[in-house]
Amino acid sequence: MEYQVKNLIIGFGKGGKTLAGKLANQGEPVVIIEKSNQMYGGTCINVGCLPSKKLILQGEQQVPFPEAVHDKNQMTSFLRDKNYHLLADQDLITVIDGKARFLADHLVEVLQPDGSKINYQAERIFINTGSTPFMVPIPGLAASKYRIDSTQAMDLTKAPQHLVIIGGGYIGLEFASMFQHYGSKVTVLDHNNVFIPREDRDVADAVYHDMIAEKIDIKMNVLIKKVNQDIITFEQDGKLHTITADKILVATGRRPNTAELGLENTNIATDQTGSIVVADDLQTTVPSVWALGDVKGGPQFTYISLDDQRIVVDQLFGKKEYKLSDRTLVPYSVFLTPPLSRIGLNEQDAKAQGIEYKLFKLAVAAIPKARVMNETRGIFKILVDPKTDLILGATIYAVESHEVINLITLAMQNNLPYQILRDQIYTHPTMTEALNDVLKD
């Protein structure tokens, strides 16, 4: 059976679902394909940022792990159902459960759960299939029954006694901090010889020492040789070591979900990572086929997928002005305890690029709200152009940094001099009011 459709969206993620709503609001019919009925709404609400942050917060509040997982499941179930009905209940939107595969540039086959197939010939196609955890090729790792990924880690029935995390990146560190709060012994095996190398050394050192103080064992410059079920053999500083784990969490990044899309049947190009190659307007190498979110490579955040949707909508119905190249400032937060957040340049970036800067710096211990919250660890760092007074970047390792960083981002995007933030009247006590002090001349 074959249907002719105007708009076909593959993947019910943040960008895809929002785009479906925008197309319907323009009076255009939309078919959206999702291969799993457990993924309505995308990675973030089901197996990514929201459930992990729920578990992180409840761990900090000393909620028992089984209870926290139950609460997390209730939240994701509610959000998944809400997202489904926001689209499926609209007359112009058809949600199809099934696995999509390209047969040609604009022809997509959908294998439904009952084994039947439907073909869609689409005028426009939008690919929003997201990404999936990547497993490094370590001998024995794939065969280990103790191996889990980030999704499985959040569905455990009890916290492991000893969790070994392969990967010392931001995802691995978030899970290390989280499971430590649930009483697990945590060991992180990082192949890098520099801890969180993207960050300034004073900030990275502060994070490292705080995690070590919480009894998280971080082993740097590690080469894992093999995994034999629950036993990991690794080399460090020229010596072989073994470690035994109750669970082995593989946190070595994510890869775009393109392997089973049948792109080999099309002229849609991918790069060496499997990411779909896109132009500045997010069109692929096939006209009227776009890619949004993780599947196209780049920063893997749900808010990037949402902003990709803005680019596409502007191309379809707007002034065709907003492009991928316009998105130069993207903040991020790592939800440790306390969180680490950043926007723009840090000191090591500025020095490497030969950019002159004025540094404003404040210890979190000097902030009244931090005292109120009994969390005085961390530091504020803000870089300013000494000639223009514009903010070049900020790194905040502090409680509620994930909120403060958005205000700084807004100031940077609107080219506001730092004095605007310095002299603003803020409510008290808040972490945001620290900008009054950190930006003092």
Handout entry: Answer residue from segment 113-145, given it is surrounded by 19 or more Cβ atoms within 10 Å (Cβ to Cβ) and among the hydroxyl-bearing types (Ser, Thr, Tyr) and is farthest from the chain's Cα centre (by Cα) among those
Key = Tyr120
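Take Gly98 and decide whether it is closer than 25 Å to Met154 by Cβ, small (Gly, Ala, Ser) and in contact (Cβ under 8 Å) with a residue 24 or more places away in the chain. Spell out the reasoning first.
Details: closer than 25 Å to Met154 by Cβ: no; small (Gly, Ala, Ser): yes; in contact (Cβ under 8 Å) with a residue 24 or more places away in the chain: yes.
So Gly98 does not fit the description; no.
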Practice task
Can you tell me which residue within segment 44-68, out of those that are touching a residue at least 12 places away in the same chain (Cβ under 8 Å) and of a type in the set (D, E, K, R), is surrounded by the fewest Cβ atoms within 10 Å (Cβ to Cβ)?
Solution key: Glu60
Problem - Where Pro287 falls short, out of the listed (1) buried (at least 16 other Cβ atoms within 10 Å of the Cβ); (2) at negative phi; (3) part of a loop (DSSP other than H, G, I, E, B); (4) out of contact with any Leu (no Cβ under 8 Å at 6 or more places or on another chain) - result: (1)
Problem - Qualifying positions in segment 319-378 - of a type in the set (Lys, Arg) and either without any contact (Cβ under 8 Å) to a residue 40 or more places away in the chain or surrounded by 14 or more Cβ atoms within 10 Å (Cβ to Cβ) (or both) - result: Lys319, Lys320, Lys323, Arg327, Arg342, Lys351, Lys358, Lys369, Arg371, Arg377
Practice task
Might you let me know whether segment 211-222 holds any residue that is acidic (Asp, Glu) and either touching a Pro at 6+ places or on another chain (Cβ under 7 Å) or in the same structural domain as Lys296 (by TED's automatic domain parsing) (or both)?
Solution key: no
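Yes or no, residue by residue, for (1) buried (at least 17 other Cβ atoms within 10 Å of the Cβ); (2) over 24 Å from Glu60 (Cα atoms); (3) without any contact (Cβ under 8 Å) to a residue 24 or more places away in the chain; (4) among the charged types (D, E, K, R):
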{"residue": "Val164", "(1), (2), (3), (4)": "yes, no, no, no"}
{"residue": "Ile171", "(1), (2), (3), (4)": "yes, no, no, no"}
{"residue": "Ser177", "(1), (2), (3), (4)": "yes, no, no, no"}
{"residue": "His181", "(1), (2), (3), (4)": "yes, no, no, no"}
{"residue": "Val186", "(1), (2), (3), (4)": "yes, no, no, no"}
{"residue": "Leu189", "(1), (2), (3), (4)": "yes, no, no, no"}
{"residue": "Pro197", "(1), (2), (3), (4)": "no, yes, yes, no"}
{"residue": "Lys215", "(1), (2), (3), (4)": "no, no, no, yes"}
{"residue": "Gln236", "(1), (2), (3), (4)": "no, yes, yes, no"}
Problem - Among the residues listed as Leu362, Leu336, Leu421, the single one being part of a strand (DSSP E or B) and over 30 Å from Val277 (Cβ atoms) - result: Leu362
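For Ile311, are the conditions met, namely being touching a strand residue (DSSP E or B) at 6+ places or on another chain (Cβ under 7 Å), surrounded by 15 or more Cβ atoms within 10 Å (Cβ to Cβ) and assigned by TED's automatic domain parsing to the domain that holds Thr18?
Criteria not met by Ile311.
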Handout entry: Condition broken by Ala279, with the remaining ones in (1) assigned by TED's automatic domain parsing to the domain that holds Gly293; (2) modelled with pLDDT under 95 satisfied
Key = (2)
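Residues that are under 20 Å from the mean Cα position of the chain (by Cα), at least 2 per element: which strands (runs of 3 or more DSSP E) completely within segment 162-270 meet that? Spell out how you get there, then give the answer.
On the way: elements: 162-166, 185-189, 217-219, 222-228, 231-236, 239-244, 247-250, 254-256.
It comes to 162-166, 247-250, 254-256.
Taking the stated definitions as given, is Lys381 more than 26 Å from Gly253 (Cβ to Cβ), touching a residue at least 60 places away in the same chain (Cβ under 8 Å) and surrounded by 20 or more Cβ atoms within 10 Å (Cβ to Cβ)? So that I can check it myself, show each step before the final result.
Working: more than 26 Å from Gly253 (Cβ to Cβ): yes; touching a residue at least 60 places away in the same chain (Cβ under 8 Å): yes; surrounded by 20 or more Cβ atoms within 10 Å (Cβ to Cβ): yes.
Answer is yes for this residue.
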Practice task
Would you be able to say whether some residue in segment 294-312 is more than 25 Å from Ile391 (Cβ to Cβ) and assigned to a strand (DSSP E or B)?
Solution key: no
Handout entry: Output for segment 83-112, where each listed residue is charged (D, E, K, R) and surrounded by fewer than 15 Cβ atoms within 10 Å (Cβ to Cβ)
Key = Asp89, Asp91
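The values are calculated or read from the model by the stated rules, or taken from the named source; none is laboratory data. Predicted, not measured: the structure shown is a model, and the values here were computed from it. Every residue, glycine as well, gets a Cβ built from its backbone with ideal geometry; the counts of neighbours run over all protein chains shown.
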